[in-house]
Amino acid sequence: MMKEYLHTLVNIPATESALKRQERYLDKYKELNEEYYNKQMQQVTNLFNRNYYRNYLDTPTAQRMLKQLREQLGEQTRSMRNTSAVMGLTGESMAAMQKNNNKAIDSVMGSLATADVQQKEAALYNYENVRSKLDNFIFNMRLDDMRMRNELNEQIIANKQRGYVPLLNGIADYVGGMADAGMNKWNSKMKNGV
């Protein structure tokens with residue numbers, strides 16, 4: 001009987017060692033997931049900031065459109081000046097042409113501003129969507145971590161109860177049995193008058 005309890009006591013440190021390894025694994029798993037979350041969150045935030053807070057006139061599309069507009073309006077103006085010199089157009093004709101040029105510029109700028117608003121809305125939607133997914137990922141990971149740690153703690157407690165409590169009970173039974181045997185021996189000696 002005592003041998004069985006001593007065997008249990010010898011096995012407890014190995015079991016606790018395995019449980020400690022599992023705990024270190026959980027710590028590393030949590031650390032890696034936290035690093036992944038932080039890295040992904042930083043990347044998505046940087047991307048959002050770059051897309052949302054940029055000046056829409058600095059985009060390649062806007063630069064190309066404005067360059068083409070300037071070239072077209074410049075050609076129109078040169079053509080109109082040449083025509084007015086040859087045909088003797090009035091200053092009012094030139095003013096009307098300039099007014100049309102300004103309307104074209106306003107139209108292009110309005111189109112660019114509208115496109116920018118749409119791109120900002122898309123950037124915000126994507127940011128919120130990805131951030132929500134990352135937040136769900138880290139929330140679920142933390143929930144799993146808590147669940148696994150609770151299971152691990154329950155295993156540790158169960159091992160201690162299985163190992164130490166029966167061991168102590170076994171030792172008490174063994175010592176109690178020896179005491180009973182000793183008392184019986186002493187009682188029999190007392191009865192025999194020794």
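Brief remarks follow.
- Test: residue in segment 95-108 that is within 30 Å of Leu47 (Cα to Cα) and surrounded by 12 or more Cβ atoms within 10 Å (Cβ to Cβ): yes
- Note on segment 10-24: residues that are among the small types (Gly, Ala, Ser), modelled with pLDDT of 65 or more and farther than 15 Å from Glu154 by Cβ total 1.
- Complete set of residues in segment 102-155 that are in contact with a Ser or Thr (Cβ under 9 Å, 6 or more places away or on another chain) and within 30 Å of Gly74 (Cβ to Cβ): Leu112, Ala115, Asp116, Gln119
- Among residues of segment 17-42 being polar (S, T, N, Q) and within 11 Å of the chain's Cα centre (by Cα), the one that is surrounded by the fewest Cβ atoms within 10 Å (Cβ to Cβ) is Gln42.
The rows are residues; the columns are (1) under 49 Å from the mean Cα position of the chain (by Cα); (2) part of a helix (DSSP H, G or I); (3) at pLDDT 90 or above.
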position: Arg81; (1), (2), (3): no, yes, no
position: Asn100; (1), (2), (3): no, yes, no
position: Ala123; (1), (2), (3): yes, yes, yes
position: Val130; (1), (2), (3): yes, yes, yes
position: Asn150; (1), (2), (3): yes, yes, no
position: Glu154; (1), (2), (3): yes, yes, no
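The values are calculated or read from the model by the stated rules, or taken from the named source; none is laboratory data. Since the model is a prediction, treat every value here as computed from it, not as a measurement. Here Cβ is always computed from backbone atoms with ideal geometry, including for glycine, and neighbour counts include all displayed protein chains.
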